[in-house]
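The values are calculated or read from the model by the stated rules, or taken from the named source; none is laboratory data. Given the structure is predicted, the values throughout are model-derived calculations rather than measurements. We place every Cβ from the backbone using ideal geometry, glycine too, and count neighbours over all the protein chains shown. Note: accessible area is taken over every heavy atom of the protein model, side chains too, but ligands, DNA and RNA are not part of it. Shrake-Rupley method; radii C 1.70, N 1.55, O 1.52, S 1.80 Å.
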Amino acid sequence: MRDLLITDLAEIATPLGTTSRRGRDQGAVSKVRDGEILCRDGRILFVGTRAEREATLGELPDAERLDGRRGTAVPGFVDAHTHLPWAGSREMEFAQRLAGRSYEEIAAAGGGILSTVRSTRGASRDELVAAMLPRLERMLACGTTTAEAKSGYGLSLPDELRQLEAIRAVARLQPVELVPTLLAAHEVPAEHRADRERYLREVCEEIIPSVAAAGLARFCDVFCEQGVFSAAESRRVLAAGSAHGLLPRLHADEFADSGGAALAAELGAWSADHLMAVSEPGIEALAAAGVTALLLPGTSFFLRKKAWAPARRMVEAGVPVALATDCNPGSSNTESLPCIAQLAVFELGLTIEEVLTAVTLNAAASLALGEEIGSLEPGKRADVLVLDAPNLLHLAYHYGVNPVRSVVKAGREIYRAGNLLLAHRD
Ligand code: NIG
Ligand code: FE
């Protein structure tokens with residue numbers, strides 16, 4: 001494989017390190033003007049100015065060149081919370097919400113997650129793969145080079161297994177790296193509504209052991225929420241996951257303070273996600289335990305909630321903050337991390353530097369991948385984006401558009417926007 005030299009970058013912006021950044025460090029992003037990046041054997045070999053490269057590495061006549069055209073390079077985005085393998089659509093519920101019904105009301109009437117469970121149970125593994133491929137293509141075009149993907153629309157052993165098998169299959173068909181998470185405790189399925197204890201036992205005693213034995217998931221998640229799974233039930237699920245080698249992360253305090261943040265802190269979870277309704281003691285517990293708050297402002301926006309997770313307060317309290325799309329058909333139908341980054345600047349009040357760390361290093365660290373990806377530094381995997389932007393601030397300043405011009409994955413350019421225009425010009 002030839003070396004790849006990314007040249008003529010107006011700016012290179014990246015967090016530094018292999019672990020999550022918090023407090024003041026969350027916004028301490030390194031910026032290099034007039035930079036270049038050299039990739040060798042899929043890894044980053046050099047990041048610096050052109051003058052430094054010439055002085056240390058020489059002319060590099062054999063390297064393939066990618067002309068940065070005065071753009072900005074950032075690490076490949078990491079989307080650490082998605083519900084990617086679903087079938088069907090919930091646009092009718094969306095229409096109802098636009099007419100004034102709430103997400104919770106629709107769910108209580110048998111819609112919501114259970115509606116997607118019905119359509120996903122009716123889909124074969126190959127149909128789920130086919131449904132995921134265009135989503136992954138849109139993710140890649142928006143700069144996502146690694147994504148977490150949850151099951152959770154199966155809610156039975158064969159249906160959860162099929163979703164996870166579809167994730168494994170689609171991971172081999174396209175370049176976005178996928179990290180699978182078992183979310184069998186996303187809801188109590190309709191057939192177990194009269195006996196939730198029975199479903200909890202099925203999750204802990206059958207689904208978790210089978211999924212772990214098949215090596216189909218790295219993480220175990222649970223929807224810890226008023227009316228879904230209590231903190232005590234969530235603790236049981238995550239303990240069973242841990243006993244089988246699945247790392248804990250959880251949906252916590254999305255709509256009501258349900259003790260999710262405290263539970264995440266108690267367990268040392270890899271992330272506590274949503275946190276729209278987190279309490280002050282919950283924030284303090286996350287900070288003390290160093291648990292990453294994985295915020296999903298797309299849900300506040302898409303569900304038209306007035307509530308936004310208290311992101312500024314969390315940064316100030318020393319909680320590492322990450323951001324993700326929550327890509328799913330019910331509460332956040334988007335694959336775009338640039339869109340989430342813009343919401344985070346406009347609605348969560350984070351700085352663009354804090355946001356960059358949130359969608360790269362902190363997201364990677366929450367997936368236990370901080371040693372490998374999430375920053376542009378020698379030794380890390382060469383997952384690099386070139387943005388059509390003269391500096392990082394344009395990621396929010398030029399809003400509502402996709403700024404990604406090139407995606408480099410493991411040292412190879414695998415996506416380029418604007419090909420039509422370039423061909424026309426030649
Ligand atoms: O993260 N909160 C629970 N799960 C998803 C919603 C999934 C759905 O509505 O289908 C979420 O928002
Ligand atoms: Fe979610």
Checking rank on 130-139, 10-19, with mean other Cβ inside 10 Å and highest first, the result is 10-19, 130-139
Result for the chain: accessible area per residue, probe 1.4 angstrom, in square angstrom, of 38
Computed for segment 308-426: size of charge dipole around the Cα centre, +1 on C-beta of each Lys and Arg, -1 on C-beta of each Asp and Glu, debye to nearest 20, value 200
Pairs over 29 Å Cα to Cα, from 306/380; 31/380; 31/305; 31/409, come to 306/380; 31/305
Among 230, 264, 203, the residue whose Cα sits farthest towards the positive end of the charge dipole of segment 78-366 (+1 at Cβ of Lys and Arg, -1 at Cβ of Asp and Glu, taken about the Cα centre) is 203
Given unit charges at Cβ for Lys, Arg (+) and Asp, Glu (-), the dipole magnitude of segment 185-269 about its Cα centre in debye, nearest 20, is 260
Bounding extents of segment 274-320 in its principal axis frame from Cα atoms, largest first in Å, are 32, 15, 13
The aspartates and glutamates whose Cα lies under 16 Å from the Cα of residue 150, excluding any fewer than 8 residues away in the same chain, are 79, 159, 160, 165, 177, 187, 221, 273, 326, 335
In terms of the charge dipole of segment 275-396, which places +1 on Lys and Arg and -1 on Asp and Glu at the beta carbon, the residue among 355, 387, 334 farthest towards the positive end is 334
Descending accessible area (1.4 Å probe), largest on the left, turns 339, 39 into 339, 39
In terms of the charge dipole of the chain, which places +1 on Lys and Arg and -1 on Asp and Glu at the beta carbon, the residue among 149, 26, 404 farthest towards the positive end is 404
Both in Å, the radius of gyration and Dmax of the C-alpha trace of segment 266-405 are 14.8, 43
Heavy-atom accessible area of the chain with neighbours in place, 1.4 angstrom probe: carbon+sulfur share in percent works out to 52
For the chain, the longest principal axis of the Cα atoms and the Cα long axis of helix 125-141 enclose an angle in degrees, to the nearest 10, of 40
For the chain, the dipole about the Cα centre with charges only on Cβ (Lys and Arg +1, Asp and Glu -1), to the nearest 20 debye, works out at 440
In Å, the C-alpha Rg and Dmax of segment 78-366 are 17.2, 49
In units of 2.2 N^0.38 Å, the Cα radius of gyration of segment 301-351 is 1.16
Ranked output for segments 271-281, 189-199, 62-72 by mean other Cβ atoms within 10 Å, highest leading, reads 271-281, 62-72, 189-199
As a percent rounded to 5, the proportion of antiparallel DSSP bridges among beta bridges in segment 78-366 is 5
Neighbours of residue 115 by Cβ distance under 12 Å: Lys/Arg at +1, Asp/Glu at -1, summed charge 0
Summing -39500 (n - 2.57) over every DSSP H run of at least 4 residues in the chain and dividing by its residue count gives a helix-only mean residue ellipticity at 222 nm, to the nearest 500 deg cm²/dmol, of -10000 deg cm²/dmol
Given all pairs of distinct Cα atoms, segment 4-110 yields a Kirkwood Rh in Å of 17.9
Expected field for residue 22, accessible surface area in Å² at 1.4 Å probe radius, rounded to 10, holds 100
